[in-house]
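Visitor: Just dropping this structure here.
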Amino acid sequence: MDRFTLECFLAVVETGSFTKAAIKVNRTQSAITQRINSLENELGKKLFERGKSIKLSKDGETFLPY
């Protein structure tokens, strides 16, 4: 996990959207999705509940303060 991946995570939390997070950090939506998937795989936890909207999962809420 690197600093930019954590910035992507925070951008998704702040914006509630992978697309808006991509705009915020000047990357593509696909790049943000890949970073978040990589982070989730590294941690072995799903950090977001994906559906019509994006919101933190319980594991995501636990991870956020760190």
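Visitor: How much mean residue ellipticity at 222 nm does the chain get from its helices, if each DSSP H run of length 4 or more adds -39500 (n - 2.57) and you divide by all residues, to the nearest 500 deg cm²/dmol? Spell out each step's value before the answer.
Guide: Values: 4 runs with 42 residues, N = 66.
-19000 deg cm²/dmol, from helical runs alone.
Visitor: Please name whichever of ASN41, THR62, VAL13 sits farthest to the positive end of the charge dipole of the chain, dipole taken about the Cα centre and charges placed at Cβ: Lys and Arg +1, Asp and Glu -1.
Guide: The Cα lying farthest towards the positive end belongs to VAL13.
Visitor: Please report, to two decimal places, log10 I(q)/I(0) for the chain at q = 0.23, 0.28, 0.29 Å⁻¹ as given by the Debye formula with identical point scatterers on the Cα atoms and no solvent.
Guide: So the normalised log intensities are -0.95, -1.44, -1.52.
Visitor: Further, regarding this structure: So, with a 1.4 angstrom probe, what is the percent of accessible area on the chain that is carbon and sulfur?
Guide: Values: 2230 of 4450 Å².
Taking all protein chains in place, the chain shows 50 percent carbon and sulfur surface.
Visitor: Which order do the peptides 30-36, 57-63 come out in when sorted by mean C-beta neighbours inside 10 angstrom, highest first?
Guide: Values: 30-36: 18.6, 57-63: 14.9.
The densest-packed peptide leads the list: 30-36, 57-63.
Visitor: Between GLU7 and THR28, what is the label-point separation in nm under the 7 Å Cα-to-beta-carbon projection?
Guide: 1.9 nm
Visitor: Full extension from LYS46 to GLU14: what is 0.36 nm times the residue separation minus their Cα-Cα distance, to one decimal in nm? Kindly include the intermediate steps, with their values, before the conclusion.
Guide: Numbers: separation 32, 0.36 × 32 = 11.52 nm, distance 1.73 nm.
Result: 9.8 nm gained on full extension.
The values are calculated or read from the model by the stated rules, or taken from the named source; none is laboratory data. Computed from a prediction, not measured in an experiment: that's the story for all the values here. Glycine also receives a Cβ, built like all others from the backbone with ideal geometry; neighbour counts cover every protein chain displayed. Just the protein is used for accessible areas: all its heavy atoms, side chains included, with ligands, DNA and RNA removed. Shrake-Rupley method; radii C 1.70, N 1.55, O 1.52, S 1.80 Å.
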